[in-house]
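Notes to accompany the following structure.
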Amino acid sequence: MIDSKHLQLPDLKPGTVWLVGAGPGDPGLLSVLALHALGQADAVVYDALVDPRILALARSGSALEDAGKRGGRPSPRQPDISARLIALARAKQRVLRLKGGDPCVFGRGGEEALALAEAGIPFRIVPGITAAIGGLAYAGIPLTHRGINSAVTLITGHNSDGAVPGEEGSAPDWPAIARGSPVIVLYMALRHLDDIARRLIAAGRAPGEPVAIVSRATTAAQRVVLTTLAQSAVAATGVESPAIIAIGEVVRLHEALDWYGKE
């Protein structure tokens, strides 16, 4: 049990919402604040990617509400989720909004926080370990490595309507990213990987550049597929989502640093 007084942890108060990152899957990657919130919340509004073992840590008697959000799939509307958080808080519930990874890394946590702020609801943002860090670490792939890369770019693999980001002049600028980022990490990109790979190669990335596709990272079902940029879409056939995709020379370190499941 967490000694909240010894650690001087804040209480999750009635009428308050905590936007909390649950990490990429492994319950061991929860922050102390996340675990503390699970032990106090009256209502836990969680996304589909939150591991069931994490939900099992919720306080006995707390209400678990499935918000069902999955990137690129039919999901509850974001305004409806925000409205539900506001309603629960106004009912003086202690509300935990539990999101996979980090709330503010492609998690729309900022949107929910803005809605709460507009409604006058007190809130706290509790960061979580995002998949680009936790998922790649469990695959033995450092996000940065001296002598290989000193910069990295995180990109979502689809925009709000499910299309490839960057169409019709919207961000990101794929040619600029291809030229300037030694390591690229793609979230939620399985569906559009072929299109994205072609754009990067057309902008100058080497077709043989190493790529790692990490499916269901940090869980017992984790699977790592190593391939090249030109062959990545074919290699991704049959790979189960969620998946994080790393492009760059750091992927070559997987062979030496592949530790997960071998302790």
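The values are calculated or read from the model by the stated rules, or taken from the named source; none is laboratory data. Keep in mind it's a predicted model, so treat the numbers as computed, not measured. Positions of Cβ are backbone-derived with ideal geometry, glycine not excepted, and every protein chain shown enters the neighbour counts.
Only one entry in ALA246, ALA221, ALA217 is buried (at least 20 other Cβ atoms within 10 Å of the Cβ), part of a loop (DSSP other than H, G, I, E, B) and hydrophobic (A, V, I, L, M, F, W, C), namely ALA217. Determine if segment 220-237 includes at least one residue that is of a type in the set (Ser, Thr, Tyr) and touching an Asp or Glu at 6+ places or on another chain (Cβ under 9 Å). Among the residues of segment 220-237, at least one is of a type in the set (Ser, Thr, Tyr) and touching an Asp or Glu at 6+ places or on another chain (Cβ under 9 Å), which makes the answer yes.
Restricting attention to segment 84-114, the residues that are hydrophobic (A, V, I, L, M, F, W, C) and over 19 Å from LYS13 (Cβ atoms) total 4. Checked against (1) closer than 23 Å to ILE177 by Cα; (2) surrounded by fewer than 14 Cβ atoms within 10 Å (Cβ to Cβ); (3) among the polar types (S, T, N, Q), THR237 passes all but condition (1).
If you check ALA197 against the conditions, is it farther than 27 Å from ASP26 by Cβ and modelled with pLDDT of 95 or more? So ALA197 fits the description; yes. In this entry, ALA151 passes the filter for residues that are free of Cβ contacts under 8 Å to residues at least 40 places away in the same chain, touching a Gly at 6+ places or on another chain (Cβ under 8 Å) and not in a strand (DSSP E or B).
Scoring PRO76 on the criteria (1) more than 27 Å from ALA221 (Cβ to Cβ); (2) modelled with pLDDT under 95; (3) within 19 Å of the chain's Cα centre (by Cα) leaves a single failure, condition (1). Just to be sure I understand the filter: pairs with C-beta atoms under 7 Å, separated by 6 or more residues or on different chains, first member in segment 1-18 and in a helix (DSSP H, G or I) and of a type outside the set (Phe, Trp, Tyr), second member modelled with pLDDT of 80 or more and surrounded by fewer than 13 Cβ atoms within 10 Å (Cβ to Cβ). Which pairs pass? Close Cβ pairs satisfying both conditions: LEU7/VAL32.
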